[in-house]
DNA sequence: TGAAGCTTTGTTGTACACAACATGGCAAAA
DNA sequence: TTTTGCCATGTTGTGTACAACAAAGCTTCA
């Protein structure tokens, strides 16, 4: 289950720890566990409706229920799980209305992100994105839903790194994490390859804007991608009948 | 210390509980305590730098440290307090850079709020705002910083109620709460009356736009008020030398 | 006198036992 | 057979003792 997500997590951590350097060991451990469970939810290792056992998770991570519960509380505040007294803690199912709200908001936030003090990507950052294009190319040859999901998330965090406004970045991340799993759930298998191809062309387009340092355009392009992906999502939802 | 804030709290609760009806008694209690402490921080009953004793607060609210700690964790996630192991939990001091970031974001959010599915105020809602204009009028005659702060917060929550997009509303509230106490701290006493007067004219302006149902204009007006208040804040900060 | 190390004190973080709660199953009565 | 009430079981929420930790004061030695 856990597999090789360590690399991904640590990479994402760096983007987060930039803001606040002072992290005690307890907080680092909590952050690690939080990221792990969050990824499991977003990458559909835990499906909406699944119950997360506090006791089992506490045992798995070698801690007691108390600190684990604070991790779950954080996930609950972000809307990824919902605890019910005497029943259990469950991965949330987002209804269509909320999904639409989140998408509408994400569309607006993307445009703002390009305007509000964007952080210019270093050459190393650009290279990381170029490497993702290669990864996407491999996935076009050999489509795999989970690998695509992980690549997509990695690229998103790379994008979030350009947002200089700390709060806007946090909000953008939270909204993204709320929609990821829904996108994966609804995306039909037979459209997977086409989606990966489209994803590759999208991150190429974004890369080009970043290469010339035009971050306002990055914001607009990003916005258009989110908007179009939402329209496709609706179309897919109509296809499958949900 | 607690005084007559019950009315304010409950009124704010109604705006919150609209979204999710299912609230267990524990959650309601936690929400109440959270709101109480949050107000104390925002209205400067607790000044930045103050230590919040878990034990004392737990005793005051008649609960043990465990549920109180989850309330403090929530406040910490919103950036209002910061816990340090073995030292204490302290009300945060926002530096100028972060304050500027938050204001820039609030300016953008206000404009979006007017566009993204705003909720038309009922006649009762408009009447509540009209009552606030009266309260503001009284305060012009007899300026009082804390009363002004409370009125300002009440009006803000009334404004937040027009935001139909649930996540956007939450974010807007969080950003507002981060700036309130800074505004109060920096505002010089001798400009208080002028500020109250300006506040009254602002909420009148907003009311007019709401009365004709033009909520996009409400967003633009709100945006301009936030922007101008930020500029005055900077001017005041220059005056007092901070 | 000064400084380093130890001790004391008070605080937040953790572990664990128990309370509160919801749910499903079972039995008994209509 | 159906329904109603009760109980058993398992889960989240709470209280409490203790561990981890930091800071201030004290002591002791140079």
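Given the criteria in contact (Cβ under 8 Å) with a residue 40 or more places away in the chain, over 21 Å from residue A:233 (Cβ atoms) and assigned by TED's automatic domain parsing to the domain that holds residue A:204, does residue A:159 qualify? Please lay out each step first, then the result.
Details: in contact (Cβ under 8 Å) with a residue 40 or more places away in the chain: yes; over 21 Å from residue A:233 (Cβ atoms): no; assigned by TED's automatic domain parsing to the domain that holds residue A:204: yes.
In short, no.
Within 12 Å of DNA strand D (Cβ to nearest atom), more than 14 Å from chain A (Cβ to nearest Cβ) and more than 19 Å from residue B:92 (Cβ to Cβ): which single residue out of B:65, B:32, B:51 fits that description? Steps first, please.
On the way: B:65 fails: more than 14 Å from chain A (Cβ to nearest Cβ); B:51 fails: more than 19 Å from residue B:92 (Cβ to Cβ).
Result of the check over B:65, B:32, B:51: B:32.
Show the residue pairs meeting these rules: Cβ distance below 6 Å; 6+ apart or different chains; first residue within region A:85-100 and more than 16 Å from residue B:167 (Cα to Cα); second residue within 16 Å of DNA strand D (Cβ to nearest atom) and part of a helix (DSSP H, G or I).
A:89/A:72; A:91/A:41
Looking at region B:103-125, which of its residues are within 17 Å of residue B:167 (Cβ to Cβ) and buried (at least 16 other Cβ atoms within 10 Å of the Cβ)? Please lay out each step first, then the result.
As a first pass, look at region B:103-125 and keep what is within 17 Å of residue B:167 (Cβ to Cβ): B:105-106, B:108-119.
Passing the criteria: B:105, B:106, B:108, B:109, B:110, B:111, B:112, B:113, B:114, B:116, B:118.
Specify which of the listed residues (A:55, A:76, A:36) is away from DNA strand C (no atom under 13 Å from the Cβ) and surrounded by fewer than 17 Cβ atoms within 10 Å (Cβ to Cβ).
Details: A:55 fails: away from DNA strand C (no atom under 13 Å from the Cβ); A:36 fails: surrounded by fewer than 17 Cβ atoms within 10 Å (Cβ to Cβ).
Answer to the check: A:76.
Could you pull out every one of the helices (runs of 4 or more DSSP H) wholly within region B:70-170 that has 2 or more residues that are under 16 Å from the mean Cα position of the chain (by Cα), within 12 Å of another protein chain (Cβ to nearest Cβ) and more than 16 Å from residue B:218 (Cβ to Cβ)?
Values: elements: B:96-115, B:123-141, B:145-160.
Ranges flagged: B:96-115.
Scan region A:190-201 and give yes if some residue there is within 15 Å of the chain's Cα centre (by Cα), assigned by TED's automatic domain parsing to the domain that holds residue A:106 and at pLDDT 95 or above, otherwise no.
Yes: one or more hits.
The values are calculated or read from the model by the stated rules, or taken from the named source; none is laboratory data. In this text, all values refer to a predicted model and were calculated from it rather than measured experimentally. Note that we place each Cβ from the backbone using ideal geometry, even for glycine, and neighbour counts take in every protein chain shown.
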